[in-house]
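A.B. asks: Quick one: the structure is below, and I'll ask about it shortly.
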Amino acid sequence: MHKADVVGYSPEPVSVRGWKEKEATGLRAKFSVRSWLKRLFRRKNIKIGIYGPPNAGKTTLANRIVMDWAGEVMGSVSDVPHETRKTKVKKNIAIKHGKKSLSLDIVDTPGVATKIDFHEFVDTYGMSEDDSRLRAREATEGVIEAIKWLDEIDGILLAMDSSEDPFTQVNITILGNLEARKLPILIVANKVDIPGTDAAVIKNAFPQHPSVPVSALTGYNMERLYEAMVKHFR
């Protein structure tokens, strides 16, 4: 803050004693403003976005977090890709681990995909052509919305399916875009409840970021995820 902006400061020459008194007033004003800003910052919830490809378990993860700490759910889940096609936000979630806590808003985003073809919904999931076209259009709009939300996000929970090869075009594209924005990223190696999964594959694939193996569906290892979130995002 410039001296001219401090309450009690005068540009005219003053006595040494008067100058000291005015300087003290200015310093008190500075510290008062800083203290107010710190309190304001502490009250501000950080926005944690849940990102990842379709069917990585993002909404299941969001539901688990919100249920554990607020007793609610965020959205519906389905085996059909792009069930979540609009971003949903749950505010004022307080996560605690030991004596530390984290106040946040959970942002559940639509699955990010490099290609969305309505034929997949028809051929693989037996949806009508009209419903498939509508779902594909809404899913495309959802991807655009998820990308726009990155301007407001403070940290990322990046959900990956532990039962699949992590080196997919979608995973690499998402991670590259997040890294370019220099956002703190915590990888959630989800679906470890599926037999034969090895979450270490994800950890070894992207060692530059911390990762936690969980099953958002069963709640396995969620306490460890909460510990990592409090440490990584505070």
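What follows is calculated from the coordinates using simple rules that are stated; it is not laboratory data. As the structure is a computational prediction, the values presented were derived from the model and not from experiment. All Cβ positions, glycine included, derive from the backbone under ideal geometry; neighbour counts span all protein chains shown.
A.B. asks: Explain nothing, just the number: dipole magnitude of the stretch 66-144 about its Cα centre with +1 on each Lys and Arg Cβ and -1 on each Asp and Glu Cβ, in debye rounded to the nearest 20.
C.D. replies: I would put it at about 720 debye.
A.B. asks: Between their Cα atoms, which of LYS88/LYS191; LYS47/LYS99; LYS115/LYS231; LYS44/LYS203; LYS100/LYS148; LYS47/LYS86 are more than 24 Å away from each other?
C.D. replies: Working: LYS88/LYS191 22 Å; LYS47/LYS99 21 Å; LYS115/LYS231 35 Å; LYS44/LYS203 31 Å; LYS100/LYS148 31 Å; LYS47/LYS86 17 Å.
Exceeds cut-off: LYS115/LYS231; LYS44/LYS203; LYS100/LYS148.
A.B. asks: Right, next: Need the full-extension length gain, THR114 to ASP131, defined as separation in residues times 0.36 nm minus the C-alpha distance. One decimal, nm.
C.D. replies: Numbers: separation 17, 0.36 × 17 = 6.12 nm, distance 2.06 nm.
Using 0.36 nm per residue and subtracting the Cα-Cα distance, I get 4.1 nm.
A.B. asks: If each residue's Cβ is checked for other Cβ atoms within 10 Å, how do ILE185, ILE144 rank with the fewest at the top? Please list the in-between numbers first.
C.D. replies: On the way: ILE185 21, ILE144 10.
Ranked by crowding around the Cβ, least crowded first: ILE144, ILE185.
A.B. asks: Follow-up. Of the beta bridges DSSP finds with both residues in the stretch 91-234, what % are antiparallel, to the nearest 5? If you can, show how the numbers build up before the last one.
C.D. replies: Details: 6 of 15 bridges.
The antiparallel proportion sits near 40 percent.
A.B. asks: Around PHE167, what is the net charge, scoring Lys/Arg as +1 and Asp/Glu as -1 over all other residues with Cβ under 15 Å from its Cβ?
C.D. replies: Details: positive: LYS203; negative: ASP161, GLU164, ASP165, ASP198.
Here the charged neighbours net out to -3.
A.B. asks: Fewest first, what order do MET160, MET222, MET67 take by the number of other Cβ atoms within 10 Å? Before the final figure, lay out each step's value.
C.D. replies: On the way: MET160 27, MET222 18, MET67 13.
By the 10 Å Cβ count, ascending: MET67, MET222, MET160.
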